[in-house]
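A short write-up of the structure that comes next.
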Amino acid sequence: MAEKERTSLSRRVVTWIPYAWLVVFFLIPCLIVLKISLSQTALAIPPYEPVFSTFADIRDKVGEFSLDSFALLTQDSLYWLSYLSSLEIAAISTILLLIIGYPIAYGLARANPSIRPYLLMLIILPFWTSFLIRVYAWIGILKPEGLLNQLLISLHLISQPLAITNTNWAVYIGIVYSYLPFMVLPLYATLEKLDVTLLEAASDLGATPLKAFWQVTFPISLPGVAAGALLVFIPAVGEFVIPDLLGGSDTLMIGKTLWHEFFDNRDWPVASAVAIVLLVALVVPIVLFQNAQSRAQGAK
Amino acid sequence: MRRFSTFNLVSVTFGFAFLYLPIVILIIYSFNASRLVTVWAGFSTQWYVALLHDQAILDAAWVTIRVALFSATVATVLGTMAAIVLVRRRRFIGRTLFSGMIYAPIVMPDVITGLSLLLLFVALNFDRGFWTVALAHTSFTMCFVAVVVQSRLLSFDLSLEEAALDLGAPPFRAFFLVTLPVIFPAVAAGWMLAFTLSLDDLVISSFTTGPGATTLPMKIYSQVRLGVTPEINAVCTILVALVTIGVLIASVVGKTGMRATEAA
């Protein structure tokens with residue numbers, strides 16, 4: 001009996017320590033963002049007018065919640081355009097990643113099994129090096145007097161340097177480069193399990209390799225396509241470093257807008273409102289997706 | 001069939017060239033004698049020497065390493081606990097909230113994590129500096145540790161630990177003597193992941209930092225905005241070299257560890 005009590009005590013300790021940590025450092029901060037998004041902007045430090053400071057206040061002041069910040073989001077086209085442009089840039093990057101990542105994953109899955117672990121490690125290795133370094137590496141390559149333009153000019157393919165940095169194309173290249181392992185790994189995981197005899201059966205029945213690919217391989221790999229697309233699309237929408245360093249001043253992305261609203265304009269309520277809308281737009285579907293997945297696992 | 005394997009060879013080769021060429025170019029140009037990053041003017045190690053005398057960069061590197069060591073270690077403890085809860089406790093009050101709080105920070109954009117933690121520290125009147133950055137890093141990296149350890153715990157045979165409990169070992173002792181050695185490769189991998197994520201972070205550090213706590217990525221970022229310089233290439237080369245060595249050691253240790261558990 002005493003032992004059982006001790007077991008449940010240790011269980012409780014192990015549960016409540018990380019639980020309390022996550023509540024303090026994740027849940028409460030999110031609630032504070034929500035609260036500040038509902039406050040008025042003020043010229044002070046901290047630069048917002050608190051809606052309430054103690055719990056006793058809450059009841060009296062509920063009527064004073066301000067939706068000004070959210071109203072601003074709907075009125076000023078900057079925010080709408082940032083959202084739409086983030087979604088567009090993330091979507092185009094995801095499609096480019098699929099086109100580039102699929103052949104790589106396919107080649108890896110068909111490689112000699114004895115060298116596959118090493119090839120996989122080579123795919124993952126760049127992921128461990130700093131994100132900032134990988135983005136920085138492209139600035140030297142893409143800028144007008146950079147190596148890519150030097151190469152193209154010396155090959156007489158172009159006569160004038162291409163302006164790639166400070167355009168959306170540089171942002172696509174940066175996202176594709178940084179997120180490639182996230183696309184390749186889930187694709188590889190599904191393609192590796194593909195039963196080769198299915199393809200042999202298709203070719204015995206007279207299908208060309210291309211037809212066999214579209215009718216057999218691709219449908220089987222769809223879960224990997226979905227996982228990879230989700231894994232790169234979601235972080236790409238909130239990306240800040242890549243559009244800031246590689247994109248131009250007209251490259252609108254919501255992460256960049258939030259950053260400038262916060263650090264340059266010091267408008268905390270508007271920055272918080274941007275964060276809340278982005279959070280709801282991204283995190284809620286993901287948590288639902290996770291729940292559905294764990295329920296599916298539980299059903300098995 | 002022959003045509004297909006050529007296609008595979010080409011796509012894999014192209015893929016690796018795309019992944020590695022930019023980094024190789026970055027490393028080559030860190031040894032460039034010219035200040036102009038895109039003009040090659042002979043081999044030189046002068047930028048590495050210059051780094052050794054750049055006190056601001058050295059200070060930033062030291063802050064970054066301290067933050068990463070602290071946050072990776074605490075995050076590994078917290079993340080392992082969270083993984084145990086996720087795998088072993090199927091039913092308790094607020095389990096959905098708990099698993100949501102583990103997965104949500106992983107997909108949450110950095111700008112939001114940074115903003116929300118800063119607002120927390122402001123609300124608590126916490127002096128911003130080393131400790132706020134370290135706490136912020138601990139709380140976003142612990143979720144990654146939890147996911148890594150969770151996947152290993154799922155395949156752990158619970159009857160081993162139950163046998164230890166039946167033989168009279170107290171629960172903590174049973175965990176440390178039986179379970180931990182088996183899941184250790186995953187715990188170590190979680191620590192490595194937390195360490196590199198912390199080393200790498202720019203956005204969350206920028207939001208939560210204060211005077212005297214400039215991390216290396218913040219330093220690199222502020223210089224990169226002014227342009228590409230060979231010193232930054234040299235810093236990046238050193239970081240790439242360190243990470244490569246670390247990953248190679250980890251994979252060797254992981255393999256020997258795996259073999260040891262298989263043999264046991």
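The values are calculated or read from the model by the stated rules, or taken from the named source; none is laboratory data. Treat the numbers as computed from the prediction; the structure is a model and nothing was measured. No Cβ is skipped: glycine too gets one built from the backbone with ideal geometry, and neighbour counts run over all protein chains shown.
Before moving on, here are some points about what is shown:
Conditions (1) under 18 Å from residue A:23 (Cα atoms); (2) aromatic (Phe, Trp, Tyr); (3) more than 8 Å from every other protein chain (Cβ to nearest Cβ), marked per residue:
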position: B:8; (1), (2), (3): no, no, no
position: B:75; (1), (2), (3): yes, no, yes
position: B:85; (1), (2), (3): yes, no, no
position: B:92; (1), (2), (3): yes, yes, no
position: B:100; (1), (2), (3): yes, no, no
position: B:103; (1), (2), (3): yes, yes, no
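Residues checked against (1) buried (at least 20 other Cβ atoms within 10 Å of the Cβ); (2) of a type in the set (S, T, N, Q):
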| position | (1), (2) |
| --- | --- |
| B:137 | yes, no |
| B:141 | yes, yes |
| B:145 | yes, no |
| B:152 | no, no |
| B:155 | no, yes |
| B:160 | no, no |
| B:172 | no, no |
| B:180 | no, no |
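- Residue list for the stretch A:65-88, restricted to those being in a helix (DSSP H, G or I), surrounded by 15 or more Cβ atoms within 10 Å (Cβ to Cβ) and either touching a Gly at 6+ places or on another chain (Cβ under 9 Å) or among the polar types (S, T, N, Q) (or both): A:69, A:82, A:85, A:86
- Single residue of A:91, A:20 found to be modelled with pLDDT of 85 or more, surrounded by fewer than 15 Cβ atoms within 10 Å (Cβ to Cβ) and either touching a strand residue (DSSP E or B) at 6+ places or on another chain (Cβ under 7 Å) or away from chain B (no Cβ under 14 Å) (or both): A:91
- Scope the stretch A:94-113; condition of a type outside the set (A, V, I, L, M), part of a helix (DSSP H, G or I) and either in contact with a strand residue (DSSP E or B) (Cβ under 7 Å, 6 or more places away or on another chain) or within 12 Å of chain B (Cβ to nearest Cβ) (or both); matching residues: A:101, A:102, A:103, A:106, A:107
- Residue selected from the stretch A:251-273 under the condition in contact with a Pro (Cβ under 9 Å, 6 or more places away or on another chain), surrounded by fewer than 24 Cβ atoms within 10 Å (Cβ to Cβ) and not hydroxyl-bearing (Ser, Thr, Tyr), by the criterion farthest from the other protein chains (Cβ to nearest Cβ): A:252
- Among (1) of a type outside the set (Ser, Thr, Tyr); (2) over 17 Å from residue A:25 (Cβ atoms); (3) surrounded by 14 or more Cβ atoms within 10 Å (Cβ to Cβ); (4) more than 14 Å from chain A (Cβ to nearest Cβ), the one test that residue B:67 misses: (2)
- Of all residues in the stretch B:234-253 being at the interface with another protein chain (Cβ under 7 Å from one of its Cβ atoms) and buried (at least 18 other Cβ atoms within 10 Å of the Cβ), the one that is farthest from residue B:43 (Cα to Cα): B:247
- Among the residues of the stretch B:25-64, those that are over 20 Å from residue A:139 (Cβ atoms), within 29 Å of the chain's Cα centre (by Cα), surrounded by 13 or more Cβ atoms within 10 Å (Cβ to Cβ) and of a type outside the set (A, V, I, L, M) comprise B:48, B:54, B:59, B:64.
- Residue list for the stretch A:198-212, restricted to those being out of contact with any helix residue (DSSP H, G or I) (no Cβ under 8 Å at 6 or more places or on another chain) and of a type outside the set (D, E, K, R): A:201, A:205, A:206, A:208, A:210
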